[in-house]
Amino acid sequence: ILQHIGRIFGLYILVQENEMFYIVDQHAAQEKILYEKFRKIADGKKSEIQDLLIPINIDLSPKEFDILSGLKDNLEKLGFYIEEFGKNSFVLKSVPVIIGDKSATNIIIEVIGNKKIGNISGTSEKILNDIIKSACSTAIKSGDKVSEPEAIKLLEELFECDNPYTCPHGRPTIVKITKNELDKKFQRL
(Lines give C-alpha, C1' and ligand atoms only; values in the text may rest on other atoms or scores of the structure.)
Protein backbone atom coordinates (compact mmCIF):
# COMPACT_ATOMS: atom_id res chain seq x y z
CA ILE A 1 0.00 0.00 0.00
CA LEU A 2 1.38 3.37 -1.04
CA GLN A 3 1.60 5.96 1.70
CA HIS A 4 1.93 9.57 0.58
CA ILE A 5 4.46 11.36 2.78
CA GLY A 6 4.40 14.79 1.11
CA ARG A 7 6.20 16.97 -1.41
CA ILE A 8 9.45 18.86 -1.44
CA PHE A 9 10.71 21.76 -3.55
CA GLY A 10 7.33 21.95 -5.32
CA LEU A 11 8.42 19.15 -7.67
CA TYR A 12 9.14 15.89 -5.88
CA ILE A 13 6.54 13.57 -4.39
CA LEU A 14 7.61 11.47 -1.41
CA VAL A 15 5.96 8.08 -1.04
CA GLN A 16 6.56 5.02 1.14
CA GLU A 17 5.60 1.45 0.31
CA ASN A 18 6.50 -1.12 2.96
CA GLU A 19 10.30 -0.98 3.31
CA MET A 20 10.77 1.22 0.21
CA PHE A 21 10.92 5.00 -0.02
CA TYR A 22 10.35 6.74 -3.38
CA ILE A 23 11.17 10.23 -4.51
CA VAL A 24 9.18 10.90 -7.69
CA ASP A 25 9.71 13.75 -10.12
CA GLN A 26 6.04 14.66 -10.71
CA HIS A 27 6.71 16.24 -14.13
CA ALA A 28 8.88 13.41 -15.50
CA ALA A 29 6.45 10.82 -14.12
CA GLN A 30 3.41 12.31 -15.79
CA GLU A 31 5.35 12.83 -19.03
CA LYS A 32 6.14 9.11 -19.02
CA ILE A 33 2.53 8.15 -18.32
CA LEU A 34 1.21 10.39 -21.11
CA TYR A 35 3.91 9.20 -23.51
CA GLU A 36 3.04 5.54 -23.02
CA LYS A 37 -0.70 6.20 -23.29
CA PHE A 38 -0.24 8.13 -26.54
CA ARG A 39 2.20 5.49 -27.82
CA LYS A 40 -0.45 2.79 -27.27
CA ILE A 41 -3.02 4.86 -29.17
CA ALA A 42 -0.52 5.38 -32.02
CA ASP A 43 0.21 1.65 -32.08
CA GLY A 44 -3.46 0.94 -32.78
CA LYS A 45 -4.79 0.27 -29.30
CA LYS A 46 -8.34 1.47 -28.80
CA SER A 47 -8.51 5.07 -27.71
CA GLU A 48 -11.34 6.84 -26.01
CA ILE A 49 -12.17 10.02 -27.88
CA GLN A 50 -14.07 12.90 -26.32
CA ASP A 51 -16.23 14.92 -28.69
CA LEU A 52 -16.18 18.55 -27.63
CA LEU A 53 -19.56 20.08 -26.85
CA ILE A 54 -18.28 23.35 -28.24
CA PRO A 55 -15.59 22.86 -30.90
CA ILE A 56 -12.50 25.01 -30.41
CA ASN A 57 -11.51 27.39 -33.19
CA ILE A 58 -7.76 27.65 -33.86
CA ASP A 59 -6.75 30.74 -35.89
CA LEU A 60 -3.30 30.47 -37.45
CA SER A 61 -0.89 32.32 -39.68
CA PRO A 62 -0.68 31.00 -43.26
CA LYS A 63 2.59 29.16 -42.43
CA GLU A 64 1.09 27.61 -39.27
CA PHE A 65 -2.00 26.61 -41.25
CA ASP A 66 0.21 24.77 -43.77
CA ILE A 67 2.13 23.07 -40.95
CA LEU A 68 -1.05 21.88 -39.24
CA SER A 69 -2.48 20.71 -42.57
CA GLY A 70 0.61 18.54 -42.98
CA LEU A 71 0.35 17.11 -39.46
CA LYS A 72 -3.42 16.56 -39.51
CA ASP A 73 -3.29 12.80 -40.29
CA ASN A 74 -0.77 12.11 -37.53
CA LEU A 75 -2.78 14.13 -35.02
CA GLU A 76 -5.92 12.18 -35.96
CA LYS A 77 -4.08 8.90 -35.24
CA LEU A 78 -3.78 10.19 -31.68
CA GLY A 79 -7.43 11.26 -31.37
CA PHE A 80 -7.25 14.97 -32.26
CA TYR A 81 -9.96 15.50 -34.90
CA ILE A 82 -9.62 18.82 -36.68
CA GLU A 83 -11.29 20.28 -39.75
CA GLU A 84 -10.49 23.29 -41.89
CA PHE A 85 -12.70 26.18 -40.92
CA GLY A 86 -12.30 29.18 -43.17
CA LYS A 87 -9.09 30.88 -44.17
CA ASN A 88 -6.09 29.91 -42.01
CA SER A 89 -8.32 28.37 -39.39
CA PHE A 90 -9.13 24.93 -38.06
CA VAL A 91 -11.79 23.76 -35.67
CA LEU A 92 -10.91 21.10 -33.09
CA LYS A 93 -13.85 18.72 -32.71
CA SER A 94 -12.54 15.78 -30.65
CA VAL A 95 -9.60 15.03 -28.38
CA PRO A 96 -8.18 11.95 -26.66
CA VAL A 97 -9.81 11.46 -23.25
CA ILE A 98 -6.39 11.11 -21.61
CA ILE A 99 -5.75 14.85 -21.96
CA GLY A 100 -9.20 16.45 -21.96
CA ASP A 101 -10.06 19.61 -23.86
CA LYS A 102 -8.26 22.15 -21.67
CA SER A 103 -4.76 21.28 -22.88
CA ALA A 104 -5.63 20.14 -26.42
CA THR A 105 -5.13 23.58 -27.97
CA ASN A 106 -1.84 23.97 -26.10
CA ILE A 107 -0.66 20.64 -27.49
CA ILE A 108 -1.55 21.62 -31.05
CA ILE A 109 0.19 25.00 -30.70
CA GLU A 110 3.24 23.25 -29.19
CA VAL A 111 3.31 20.74 -32.07
CA ILE A 112 3.12 23.55 -34.65
CA GLY A 113 5.93 25.42 -32.87
CA ASN A 114 8.13 22.32 -32.73
CA LYS A 115 7.57 21.68 -36.43
CA LYS A 116 8.45 25.31 -37.19
CA ILE A 117 11.83 25.06 -35.48
CA GLY A 118 12.61 21.65 -36.94
CA ASN A 119 11.99 19.47 -33.88
CA ILE A 120 9.38 17.49 -35.80
CA SER A 121 10.59 15.94 -39.03
CA GLY A 122 11.46 12.71 -40.78
CA THR A 123 9.39 9.64 -41.52
CA SER A 124 5.72 9.43 -40.63
CA GLU A 125 6.59 7.25 -37.60
CA LYS A 126 9.24 9.70 -36.36
CA ILE A 127 6.82 12.61 -36.84
CA LEU A 128 4.20 10.72 -34.84
CA ASN A 129 6.72 10.07 -32.05
CA ASP A 130 7.78 13.73 -32.05
CA ILE A 131 4.13 14.79 -31.78
CA ILE A 132 3.68 12.42 -28.83
CA LYS A 133 6.68 13.97 -27.08
CA SER A 134 5.21 17.44 -27.71
CA ALA A 135 1.87 16.30 -26.28
CA CYS A 136 3.67 15.22 -23.11
CA SER A 137 4.69 18.82 -22.51
CA THR A 138 1.29 19.38 -20.90
CA ALA A 139 2.38 17.27 -17.92
CA ILE A 140 2.35 18.67 -14.39
CA LYS A 141 5.04 21.33 -14.02
CA SER A 142 7.42 22.20 -11.22
CA GLY A 143 5.45 24.05 -8.56
CA ASP A 144 2.06 22.68 -9.64
CA LYS A 145 0.08 21.51 -6.63
CA VAL A 146 -0.58 17.78 -6.47
CA SER A 147 -3.02 16.46 -3.86
CA GLU A 148 -2.41 13.23 -1.97
CA PRO A 149 -4.92 11.23 -4.08
CA GLU A 150 -3.40 12.68 -7.27
CA ALA A 151 0.11 11.76 -6.11
CA ILE A 152 -0.92 8.17 -5.32
CA LYS A 153 -2.74 7.85 -8.67
CA LEU A 154 0.29 9.26 -10.48
CA LEU A 155 2.58 6.71 -8.88
CA GLU A 156 0.15 3.82 -9.52
CA GLU A 157 -0.11 4.81 -13.21
CA LEU A 158 3.66 5.21 -13.41
CA PHE A 159 4.22 1.66 -12.15
CA GLU A 160 1.81 0.39 -14.83
CA CYS A 161 4.16 1.77 -17.53
CA ASP A 162 6.40 -0.63 -19.44
CA ASN A 163 9.46 1.26 -18.19
CA PRO A 164 8.48 3.51 -15.29
CA TYR A 165 12.02 4.59 -14.41
CA THR A 166 12.75 7.11 -17.18
CA CYS A 167 10.76 9.83 -18.94
CA PRO A 168 10.54 10.00 -22.76
CA HIS A 169 13.68 12.18 -22.75
CA GLY A 170 15.71 9.66 -20.74
CA ARG A 171 15.65 11.46 -17.36
CA PRO A 172 14.89 9.46 -14.20
CA THR A 173 11.31 9.55 -12.93
CA ILE A 174 11.89 7.77 -9.61
CA VAL A 175 14.66 7.48 -7.07
CA LYS A 176 14.05 4.59 -4.73
CA ILE A 177 15.74 3.99 -1.42
CA THR A 178 15.24 0.96 0.78
CA LYS A 179 14.92 1.23 4.54
CA ASN A 180 18.10 -0.84 4.76
CA GLU A 181 19.99 1.75 2.64
CA LEU A 182 18.77 4.55 4.92
CA ASP A 183 19.72 2.57 8.00
CA LYS A 184 23.24 2.18 6.58
CA LYS A 185 23.52 5.92 5.88
CA PHE A 186 22.55 6.66 9.50
CA GLN A 187 24.83 3.86 10.75
CA ARG A 188 21.94 2.00 12.33
CA LEU A 189 23.09 -1.47 11.25
### Å² per residue, accessible surface of the chain at 1.4 Å
56
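Holding the Cα-Cα limit at 22 Å, pick out from Lys77/Lys115; Lys37/Lys87; Lys72/Lys141; Lys93/Lys116; Lys37/Lys176; Lys63/Lys115 the pairs that are longer than that.
Lys37/Lys87; Lys72/Lys141; Lys93/Lys116; Lys37/Lys176
Ratio of alpha-carbon Rg to the 2.2 N^0.38 Å globular estimate for the chain, to two decimals, please.
1.20
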### Task
Go through region 161-167 residue by residue and turn each phi into a ³J(HN,Hα) via Karplus (6.51, -1.76, 1.60, θ = phi - 60°); whole Hz please, and just put x for glycine and proline.
5, 4, 9, x, 8, 9, 7
### Task
With only alpha-carbon atoms counted, please give the Rg and Dmax of region 1-83, in Å.
19.0, 58
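How long is the gain from Glu84 to Asp43 if the chain were fully straight, where each residue apart is worth 0.36 nm and the alpha carbon distance is subtracted? Present the calculation step by step, with values, prior to reporting the outcome.
Numbers: separation 41, 0.36 × 41 = 14.76 nm, distance 2.61 nm.
Full-extension gain reported as 12.2 nm.
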### Query
Given Cα pairs under 8 Å that are at least 6 residues apart, what percent is the relative contact order of region 20-168?
37
### Message
5 Å is the cut-off here: which amide hydrogens, built 1.01 Å from N in the peptide plane, fall below it relative to Leu11, excluding neighbours closer than 5 in sequence?
### Response
Gly143
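Can you pull a Stokes-Einstein diffusion coefficient for region 81-189 at 10 °C (1.306 mPa s), Rh from Kirkwood over Cα pairs, as a whole number of µm²/s?
This corresponds to a translational diffusion coefficient of 92 µm²/s.
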### Task
Can you tell me the 0 to 90 degree angle between the C-alpha axis of helix 148-159 and the longest principal axis of the chain, rounded to 10?
80
### Task
With a point put 7 Å past each Cα toward its Cβ, work out how far Leu53 is from Glu160 in nm, to one decimal.
2.6
### Message
Along the Cα→Cβ direction, 7 angstrom out, place labels at Val97 and Ser142. What is the inter-label distance in nm?
### Response
3.5
### Message
Under the √(5λ) rule applied to the eigenvalues of the Cα gyration tensor, what semi-axes describe the equivalent ellipsoid of region 149-189? Give them in Å, descending.
### Response
27, 14, 8
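The values are calculated or read from the model by the stated rules, or taken from the named source; none is laboratory data. Since we're looking at a predicted model, the values are computed, not measured. Cβ sites come from the backbone with ideal geometry, for glycine too, and all protein chains shown count toward neighbours. In case anyone asks, the SASA skips ligands and DNA or RNA and just uses the protein heavy atoms, side chains included. Shrake-Rupley method; radii C 1.70, N 1.55, O 1.52, S 1.80 Å.
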